[in-house]
Amino acid sequence: MGKTQDAINAVWKALDADRDYVTVLTQNLVRIPSVNPKFVKDPEQNRESAVQDLVGKELTSFGMSIDRWDVFPERPNVVGELTGSEAKSLLLCGHIDVVPVGERGAWTVDPFGGEIKNGKLYGRGAVDMKSGVAAAIAAVRAIRKAGIDLEGRLAIHSVVDEETGGFGAIDAVKRGKLAKAAIITEPSWGEIQVCEGGLEWIRITISGRQGHSAWRYNEIWPQRDEPSRLRPAVNAIDIAARFIEALRQFESSRCRLRQHPLLPPGMNTINVGVIRAGAGLGPDGLPLIMTNPAIIPDIAVIDLDYKFLPNQTKEEIRAEFEAFVHHFCQQDLWLQEHPIRIQWELGGLHFPPMDTRPDHPVVQSLFKYRSELGGKPKITGFIAVADCAHYAGAGVDAVICGATGDGFHGTDEYVDVASIHETTKTLAATIIDWCGAR
C-alpha cells in the first residue's frame, strides 16, 4: 500500500506542477468543431479527424502505441496503449463527436471558442465530453512524467459516433479492444455511476385497409352486412391510437412493478418518439402518402425508445414486449389476421445494460480518491445511455466518472474547470490503484 500511495502522491504532485495542461488541452479540443455528420453535414463542422490528430499526437508524446482506423469514412477511432498484464488491464474511454450548436444567436459565447469565465470553460463538447477525454490523457501523461511503470495494460479509447448510437465504441469492441475494467469519462457531477439501463429502438408497423374518407361511416357505424355492402376500410391510425393507450398501461405496470435501487423509480419507460401514418407502404418502411386526409390510411409506423433496467436482459424484455403485442392483436379480429410487425434495433441501435457491482475495486477506488480530493461522491446509476453499455455488453466491468458542467445538448455548454482537475487526479490515482505500480 505504501508503494501505491507514494506513486499516487508523485503523480498528484506532477499534476499540480502542470495544472494548465488539462485545461488548455480541453480548450484546444473544443476549438476543433467535431459535430457528428449524421446531424449536420458541413466540412467545417465535421472535423473529427482533426480532433483525433490532436489526441494521437498527445498520446504518442508520452509513449503510447497508437491504433487508428476509420469507423466511417474520415471518422476515425484512436486507441492508445501501454503494455502490461491482462489481469489488471484498464481502459479509459471518451467520445469526441458532439451534437450541433443549434441557433448560434442563443449562445452568449463562441460555441467553439473555449472561453473561460468565472471558472467555467465554455463551448460545444466542453462537458459532453472533451474535458473527459482531456482528463484521461492528462492522467496517463502525469503517470508517465512521474516515471511510474504500471503492471496492468492501460488503454485510452477516443471514439466517434457516441451521440447517434455508440458505433465507434461498438467497432472498438468488435475489434477486441477490451480490458478487465473500463472507466467512461462522461460527466457524472461528482458521482460514481455504476449502472445504466439498456435501450432498444423499436419500429411498430400497423397495417389497415385503404379507403375513401367519405365511406368512413361504413367502417365505424353498424351496417347491414349484405352482398351490396362496400368492403369496409380499416383505419391504421385508429388502431395506432388504441395501441398507444394499451402501451401506456403496459409501460405503467412495468414502472410500478420493477425498480433498481440506484436509479429513480419509473426510469424504465417506453417513449413514443415518432409517428408517421398514411396510405401505402414504401420501400423504406414508411407510408408513401401523408398529405391527403381524404384517404383512410392503411399504414401507421410508430418508433419507440424503450428503456429497461440494468438487471434485465434484452432477451427478457423482448419476449415480454412481443407477448404484449401478441395479446393486443388477439383482441381484434383484423389484427388476428394482420398482426402488428415489430422491428428491433431500429437504425442498428441497441445499448446493453450495465450493472457493475458497487463494491468493485475500481468503483471503490474512484470513490476513495474523489473523497480524498474534497468531493462528496455518491454511488449511483446513469439515467441515459453511454458507450459504457457496449463494453459492459462484452463482459467488461464498466463505470462512469467525469467532470461537472451544464448546457450539454443545449446552449452555453460549459465544464467547471476545477472539476476537470479533480477528475484528472481521481483517474490517475485509480489507474495506479487498479493497474498497480511496479
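Tally time: how many residues in the stretch 20-35 are closer than 24 Å to THR164 by Cα, of a type in the set (Ser, Thr, Tyr) and surrounded by fewer than 23 Cβ atoms within 10 Å (Cβ to Cβ)?
So the answer is 0.
Please indicate, with yes or no, whether at least one residue in the stretch 222-237 is modelled with pLDDT of 95 or more, under 29 Å from GLY374 (Cα atoms) and touching an Asp or Glu at 6+ places or on another chain (Cβ under 7 Å).
In the first step, residues of the stretch 222-237 are kept if they are modelled with pLDDT of 95 or more; the result is 233-237.
Right, trim to under 29 Å from GLY374 (Cα atoms) and you get none.
No, because not a single residue in the stretch 222-237 is modelled with pLDDT of 95 or more, under 29 Å from GLY374 (Cα atoms) and touching an Asp or Glu at 6+ places or on another chain (Cβ under 7 Å).
Looking at the stretch 172-184, I want the residues that are crowded, with 20+ Cβ neighbours inside 10 Å and have a partner that is of a type in the set (D, E, K, R) and part of a loop (DSSP other than H, G, I, E, B) with Cβ atoms under 9 Å, at least 6 apart or on another chain. Which pairs are those?
These pairs meet every condition: ALA172/ASP387; ALA182/ASP387; ILE184/ASP387.
Looking at the stretch 197-208, I want the residues that are in the same structural domain as VAL325 (by TED's automatic domain parsing) and under 19 Å from ASP238 (Cβ atoms) and have a partner that is acidic (Asp, Glu) and crowded, with 22+ Cβ neighbours inside 10 Å with Cβ atoms under 6 Å, at least 6 apart or on another chain. Which pairs are those?
If the second residue must be acidic (Asp, Glu) and crowded, with 22+ Cβ neighbours inside 10 Å, the pairs left are GLY208/ASP298.
Taking ILE244 as the residue in question, decide whether it is of a type in the set (Val, Ile, Thr) and over 24 Å from the mean Cα position of the chain (by Cα). Lay out the reasoning, then the answer.
Details: of a type in the set (Val, Ile, Thr): yes; over 24 Å from the mean Cα position of the chain (by Cα): yes.
Answer is yes for this residue.
Quick check on VAL51: is it at pLDDT 95 or above, surrounded by 16 or more Cβ atoms within 10 Å (Cβ to Cβ) and closer than 19 Å to ALA138 by Cα?
Details: at pLDDT 95 or above: yes; surrounded by 16 or more Cβ atoms within 10 Å (Cβ to Cβ): yes; closer than 19 Å to ALA138 by Cα: yes.
Judged against the criteria, VAL51 is a match.
Give me a count of the residues in the stretch 290-320 that are closer than 21 Å to ASP238 by Cα and surrounded by 14 or more Cβ atoms within 10 Å (Cβ to Cβ). Spell out the reasoning first.
Filtering the stretch 290-320 for residues closer than 21 Å to ASP238 by Cα gives 290-304.
Right, trim to surrounded by 14 or more Cβ atoms within 10 Å (Cβ to Cβ) and you get 290, 295-304.
Residues meeting the conditions: 11.
List the pairs whose first member sits in the stretch 318-338 and is over 25 Å from ASN268 (Cβ atoms), whose second member is surrounded by 13 or more Cβ atoms within 10 Å (Cβ to Cβ) and of a type outside the set (Ser, Thr, Tyr), and whose Cβ atoms are under 6 Å apart, counting only residues at least 6 apart or on separate chains?
So the pair list comes out as TRP334/VAL234; LEU335/CYS329.
Taking into account only those residues within the stretch 192-249 that are among the aromatic types (Phe, Trp, Tyr) and within 15 Å of ALA294 (Cβ to Cβ), which is surrounded by the fewest Cβ atoms within 10 Å (Cβ to Cβ)? First the steps, then the outcome.
In the first step, residues of the stretch 192-249 are kept if they are among the aromatic types (Phe, Trp, Tyr); the result is 201, 215, 217, 221, 243.
Remaining after also requiring within 15 Å of ALA294 (Cβ to Cβ): 215, 217.
On the way: TRP215: 13, TYR217: 11.
Per the stated criteria, the residue is TYR217.
Of these, SER213, SER207, which one is out of contact with any His (no Cβ under 8 Å at 6 or more places or on another chain) and polar (S, T, N, Q)?
Details: SER207 fails: out of contact with any His (no Cβ under 8 Å at 6 or more places or on another chain).
Being out of contact with any His (no Cβ under 8 Å at 6 or more places or on another chain) and polar (S, T, N, Q) holds for just one of SER213, SER207, which is SER213.
Which condition from (1) surrounded by fewer than 16 Cβ atoms within 10 Å (Cβ to Cβ); (2) farther than 17 Å from ASN271 by Cβ; (3) of a type outside the set (Lys, Arg) is the one that TRP344 breaks?
Condition not satisfied by TRP344: (2).
I'm trying to understand the selection: among the residues of the stretch 115-146, which are over 24 Å from the mean Cα position of the chain (by Cα), touching a residue at least 60 places away in the same chain (Cβ under 8 Å) and more than 15 Å from LYS425 (Cβ to Cβ)?
Just the residues of the stretch 115-146 that are over 24 Å from the mean Cα position of the chain (by Cα), to begin with: 115-120, 140-146.
From what is left, the residues that are touching a residue at least 60 places away in the same chain (Cβ under 8 Å) are 116, 119-120, 140-146.
Hits for the stretch 115-146 are ILE116, GLY119, LYS120, ARG144.
When you check ASN46 against the structure, is it at pLDDT 95 or above, of a type outside the set (A, V, I, L, M, F, W, C) and either within 22 Å of ALA179 (Cα to Cα) or under 21 Å from the mean Cα position of the chain (by Cα) (or both), yes or no? Explain how you work it out, then say what you get.
Working: at pLDDT 95 or above: yes; of a type outside the set (A, V, I, L, M, F, W, C): yes; either within 22 Å of ALA179 (Cα to Cα) or under 21 Å from the mean Cα position of the chain (by Cα) (or both): yes.
Spelling it out, ASN46 is indeed at pLDDT 95 or above, of a type outside the set (A, V, I, L, M, F, W, C) and either within 22 Å of ALA179 (Cα to Cα) or under 21 Å from the mean Cα position of the chain (by Cα) (or both).
Given the structure, is ILE379 among the hydrophobic types (A, V, I, L, M, F, W, C) and under 17 Å from the mean Cα position of the chain (by Cα)? Walk me through how you get there before you give the answer.
Values: among the hydrophobic types (A, V, I, L, M, F, W, C): yes; under 17 Å from the mean Cα position of the chain (by Cα): no.
Answer is no for this residue.
Among the helices (runs of 4 or more DSSP H) contained in the stretch 342-438, which hold 1 or more residues that are out of contact with any strand residue (DSSP E or B) (no Cβ under 9 Å at 6 or more places or on another chain) and in contact (Cβ under 8 Å) with a residue 24 or more places away in the chain? Please lay out each step first, then the result.
Values: elements: 361-372, 388-393, 417-435.
Per the criteria, 361-372, 417-435.
Of the conditions (1) farther than 12 Å from LEU25 by Cβ; (2) surrounded by 24 or more Cβ atoms within 10 Å (Cβ to Cβ), THR164 clears all except one; give me its number.
(2)
Residue check: is VAL109 within 20 Å of the chain's Cα centre (by Cα) and assigned by TED's automatic domain parsing to the domain that holds GLN52? Before the answer, list the steps.
Details: within 20 Å of the chain's Cα centre (by Cα): no; assigned by TED's automatic domain parsing to the domain that holds GLN52: yes.
It is false that VAL109 is within 20 Å of the chain's Cα centre (by Cα) and assigned by TED's automatic domain parsing to the domain that holds GLN52.
Run ALA135 past the list (1) touching an Asp or Glu at 6+ places or on another chain (Cβ under 6 Å); (2) within 26 Å of GLY84 (Cβ to Cβ) and report the number of the one that doesn't hold.
(1)
The values are calculated or read from the model by the stated rules, or taken from the named source; none is laboratory data. Just so we're clear, the structure is a prediction, and the values are computed from it rather than from any experiment. So basically every Cβ, Gly included, is an ideal-geometry build from the backbone, and we count neighbours across all protein chains shown.
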